[in-house]
Amino acid sequence: MSDKVFHSINPVDNSIVESHHILNPSQIDTILDDSAAAGSWWKNIALQERIQVISRIKAGLEESRNELATRITLEMGKPYAQSLAEIDKCIWLCTYYAEEGAGILTDETTEYDDVRVIKSHQPLGTILGIMPWNFPIWQTLRYAIPSLLIGNAVLLKPAPNVISSSMILEKIIAESIGQKGVFRVLVIEVKDVERVIAHPSVQGVTLTGSEKAGSSVAALAGKYIKKTVLELGGSDAFIVLDDADVQSAAEAFVLSRMNNTGQTCIAAKRAIVAMKIKSDFVDAVSALIRNIEMGDPMAGKNDIACLARPDLADALQSQLKSMSGLSNILVEGGREEGTNFFRPAFLEPNDNSAAIWGEEIFGPIAIVRQFNGLPEAIKLANQTDYGLGCSIWSVDEARAIDLANHIDAGSMHINRFVSSDPRVPFGGVKRSGYGREMGREGILEFSNLKTITTDRDTRA
């Protein structure tokens with residue numbers, strides 16, 4: 001066992017929650033070989049039996065709901081009620097795939113004049129997931145459950161600060177399957193990721209994280225010819241047309257922007273509001289932000305808590321300082337000195353350069369700009385290198401849908417804020433990545449589409 005360790009640190013007081021030894025190369029190789037052997041067994045298990053395993057994982061999540069939520073909150077500071085909601089969403093995901101998996105994976109037969117073609121989706125191999133800390137169980141299961149369902153083995157490299165949560169999940173899945181090797185947690189350093197990707201059994205890599213990490217992983221996957229899915233950053237636009245219900249839109253914007261203390265890729269980061277209603281929208285949002293309760297994440301009354309790590313708080317404070325010099329400050333916020341707590345801020349940029357308008361903000365800072373006419377709204381919405389999601393608010397659905405078709409994003413939401421749904425494919429464009437998770441597409445991303453063609457007797 002390596003002498004090096006990762007520490008899970010409670011961001012409320014910076015105390016150590018738990019420590020985990022980092023695997024050495026020999027241990028990594030053993031786990032990879034074990035995973036390959038387990039995958040060879042797992043892919044031959046009947047689909048209905050795999051569906052039963054997904055149902056058992058769901059039951060395990062239900063039984064461990066409070067334990068998992070508590071550990072998530074201790075490790076990364078999410079308000080406890082939101083940690084519970086994360087586990088509930090994972091339970092929903094398991095329910096969806098247990099109910100729909102058989103239909104999605106049913107072979108498709110097409111007959112032409114001279115041939116019959118059978119299309120089947122079969123396991124690809126072992127799938128490596130490199131996952132972030134902000135939704136440690138949800139982000140993992142939304143690639144792991146469909147991968148397991150189709151018959152792939154799964155490896156997880158969690159973020160170093162949420163390893164304990166991942167270990168609880170590994171135990172639940174191992175008990176549900178009846179053996180450990182089909183789903184394994186890899187406690188490894190970044191330098192060892194190439195060793196994993198290079199292993200012959202690993203046939204796919206999915207990453208949720210930063211542009212830099214995504215670029216590095218895509219390069220490695222290309223080197224070894226492995227399939228990839230990337231879900232990277234976002235700077236989601238929240239467009240409010242002049243006929244929208246201002247109060248409802250304001251409430252949704254604040255809820256989306258401040259969820260998980262603003263630490264989510266799909267948060268509504270940029271409000272783009274019609275000039276006619278901009279003043280009313282700003283007043284409503286400002287009042288809501290001023291009334292946000294911030295404090296101990298284990299206390300049920302708080303809307304937001306702390307940022308997940310001191311370096312994240314440092315970076316966000318620096319970002320806010322730069323932005324404030326180019327903005328009208330509507331609600332003043334910032335880091336509570338000596339802590340990882342960050343008071344929400346609301347800004348109106350007076351410059352729409354990429355440095356303030358198009359970049360990703362990973363914390364409780366909201367920004368707003370007005371538009372005069374839909375062409376300007378489209379220009380502002382697309383004025384970013386990202387393209388993850390976008391929300392549009394209007395009582396005229398047809399008008400909103402037409403506008404949605406002009407926005408560069410993988411996910412559009414009308415009169416609701418951007419959220420992921422187990423039933424609906426999710427992913428981005430531009431520097432937000434590629435590929436899709438969840439829904440039917442979430443299973444098929446890491447499948448081998450096998451076609452079997454046979455001669456067909458066309459004589460009467």
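General remarks:
- Total residues in the stretch 250-307, condition part of a loop (DSSP other than H, G, I, E, B) and among the aliphatic types (A, V, I, L, M): 7
- Cβ-Cβ contacts under 6 Å between residues 6 or more apart (or on different chains), taken from a first residue in the stretch 106-131 that is closer than 22 Å to Leu47 by Cα to a second residue that is aromatic (Phe, Trp, Tyr), are listed as Leu124/Phe446; Ile127/Phe446.
- Any hit, the stretch 297-306, residues being more than 26 Å from Leu84 (Cα to Cα) and either among the acidic types (Asp, Glu) or surrounded by 15 or more Cβ atoms within 10 Å (Cβ to Cβ) (or both): no
- Failed item in (1) surrounded by fewer than 21 Cβ atoms within 10 Å (Cβ to Cβ); (2) in contact with a strand residue (DSSP E or B) (Cβ under 7 Å, 6 or more places away or on another chain), with Ser391 passing the rest: (1)
- Filter result for Asp283 (surrounded by fewer than 17 Cβ atoms within 10 Å (Cβ to Cβ) and farther than 30 Å from Val17 by Cβ): yes
- Summed over the stretch 64-92, residues that are closer than 21 Å to Val154 by Cβ and either in the same structural domain as Gly262 (by TED's automatic domain parsing) or over 20 Å from the mean Cα position of the chain (by Cα) (or both) total 1.
- In the stretch 324-362, the residue that is modelled with the lowest pLDDT out of those that are under 13 Å from Ser235 (Cβ atoms), within 24 Å of the chain's Cα centre (by Cα) and surrounded by 14 or more Cβ atoms within 10 Å (Cβ to Cβ) is Ile356.
- Strands (runs of 3 or more DSSP E) completely within the stretch 351-460 that count 1 or more residues being over 24 Å from Ser279 (Cα atoms): 389-393, 411-414, 447-455
- Among the candidates Asp34, Asp113, Asp107, residue that is closer than 27 Å to Val187 by Cβ and out of contact with any Leu (no Cβ under 7 Å at 6 or more places or on another chain): Asp34
- For the stretch 337-345, the count of residues that are closer than 17 Å to Asn260 by Cα, touching a Ser or Thr at 6+ places or on another chain (Cβ under 8 Å), in the same structural domain as Ser256 (by TED's automatic domain parsing) and not in a strand (DSSP E or B) is zero.
- So Leu32, is it touching a His at 6+ places or on another chain (Cβ under 9 Å), assigned to a helix (DSSP H, G or I) and modelled with pLDDT of 95 or more: yes
- Spans of helices (runs of 4 or more DSSP H) in the stretch 49-166 with at least 1 residues farther than 14 Å from Gly442 by Cβ: 65-76, 80-104
- Qualifying positions in the stretch 167-209 - more than 30 Å from Arg431 (Cα to Cα) and in a loop (DSSP other than H, G, I, E, B): Gly178, Gln179, Lys180, Gly181, Val182
- Residues in the stretch 180-200 that are surrounded by fewer than 17 Cβ atoms within 10 Å (Cβ to Cβ) and under 27 Å from Val53 (Cα atoms) were compared, and the one that is modelled with the highest pLDDT is Pro200.
- Looking only at residues of the stretch 18-28 that are in contact (Cβ under 8 Å) with a residue 60 or more places away in the chain and surrounded by fewer than 18 Cβ atoms within 10 Å (Cβ to Cβ), we find that the one that is farthest from Val196 (Cα to Cα) is Glu18.
- Gly181 falls short on exactly one of the conditions (1) within 21 Å of Gly39 (Cα to Cα); (2) out of contact with any Asp or Glu (no Cβ under 6 Å at 6 or more places or on another chain), and that condition is (2).
- Selection within the stretch 29-47 - surrounded by fewer than 20 Cβ atoms within 10 Å (Cβ to Cβ) and among the aromatic types (Phe, Trp, Tyr): Trp41
- Subset of the stretch 211-232 (residues that are in contact with a helix residue (DSSP H, G or I) (Cβ under 6 Å, 6 or more places away or on another chain) and either under 21 Å from Trp133 (Cβ atoms) or in contact (Cβ under 8 Å) with a residue 60 or more places away in the chain (or both)): Thr228, Leu230, Leu232
- Within the stretch 189-207, being farther than 15 Å from Val154 by Cβ and not charged (D, E, K, R) holds for Val190, Val193, Ala198, Pro200.
The values are calculated or read from the model by the stated rules, or taken from the named source; none is laboratory data. Remember, predicted model here, so these are calculated numbers, not experimental data. Glycine gets a Cβ as well: all are built from the backbone with ideal geometry, and neighbour counts include every protein chain shown.
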